[in-house]
1. Taking the condition of being surrounded by fewer than 14 Cβ atoms within 10 Å (Cβ to Cβ) and either among the aromatic types (Phe, Trp, Tyr) or in contact with a helix residue (DSSP H, G or I) (Cβ under 8 Å, 6 or more places away or on another chain) (or both), how many residues in the stretch 28-37 meet it?
2. For the stretch 52-171, which helices (runs of 4 or more DSSP H) that fit wholly inside it have 1 or more residues that are under 30 Å from Ile31 (Cα atoms), among the β-branched types (Val, Ile, Thr) and modelled with pLDDT of 90 or more?
3. For the stretch 38-52, give me each residue that is open to solvent by 40 Å² or more (accessible area, probe 1.4 Å) and among the β-branched types (Val, Ile, Thr).
4. Is it the case that the stretch 35-46 has a residue that's under 41 Å from the mean Cα position of the chain (by Cα) and part of a helix (DSSP H, G or I)?
5. Since Ala50 meets every condition but one in (1) farther than 19 Å from Glu18 by Cβ; (2) aliphatic (A, V, I, L, M); (3) in contact with a Lys or Arg (Cβ under 7 Å, 6 or more places away or on another chain), which condition does it not meet?
6. Going through the stretch 14-28 one residue at a time, which ones are in a helix (DSSP H, G or I) and within 17 Å of Pro64 (Cα to Cα)?
Amino acid sequence: MNKPAAIPDNVEIENEDESSRRAILAAMQRILLGQPQRVAVGATSISDLAREAQVGRHVLYRSPDLKDRFAYLRDKAHQPTAAEVNLHEQIAKLKSEATSLRELQSRTHERAESWKALCTTLERAINELQEELRQEQIKTGRLTRRLNGLKAETGPAPIIPLRPRPSPQHP
């Protein structure tokens, strides 16, 4: 390169003899200053440079000094600052935390669903037991009424004394 790697200035562009190189230098200047006319702002590929310069890519490859200069300036312009690096690290940490929290939420949801199913099973068991109890209470009520009816017909039940059991005798 004749000149240190810097964004081409208007004097350098005007002093270039070859029209395709002049177009490439002007396109490089517009792209790197964020003022392209034919490609989107932020476009930084070699193909973007060729489109901005309105030349074929093969023309850029015949001028490797300009292609390399553009790549160098593009990469130099996009080196992150310490604050950007710090922000990227924070973003990575937050993404990791978010992933962990999503996993925890998923496990918690699975446990909640398991408890919900268990509660449903227990509720059914309680309902069945309550129904059995109700049926037994009805039977007990019938038997009690029947027994009371028998007592009324026959009078009080006779008391039968219990004899003490004989104690075993040892020789």
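1. Here the count works out to 1.
2. The helices (runs of 4 or more DSSP H) meeting that bar are 57-61, 82-154.
3. First pass over the stretch 38-52, keeping only residues open to solvent by 40 Å² or more (accessible area, probe 1.4 Å): 38, 40-42, 44-45, 51.
Scanning the stretch 38-52 gives Val41, Thr44.
4. Just the residues of the stretch 35-46 that are under 41 Å from the mean Cα position of the chain (by Cα), to begin with: 35-46.
Cutting the leftovers down to part of a helix (DSSP H, G or I) gives us 46.
There is at least one residue in the stretch 35-46 that is under 41 Å from the mean Cα position of the chain (by Cα) and part of a helix (DSSP H, G or I).
5. (1)
6. Within the stretch 14-28, Ser19, Ser20, Arg21, Arg22, Ala23, Ile24, Leu25, Ala26, Ala27, Met28 meet the criteria.
The values are calculated or read from the model by the stated rules, or taken from the named source; none is laboratory data. Computed from a predicted model, the values in this text were never measured in an experiment. Glycine gets a Cβ as well: all are built from the backbone with ideal geometry, and neighbour counts include every protein chain shown. SASA here: full protein model, heavy atoms, side chains in, ligands and nucleic acids out. Shrake-Rupley method; radii C 1.70, N 1.55, O 1.52, S 1.80 Å.
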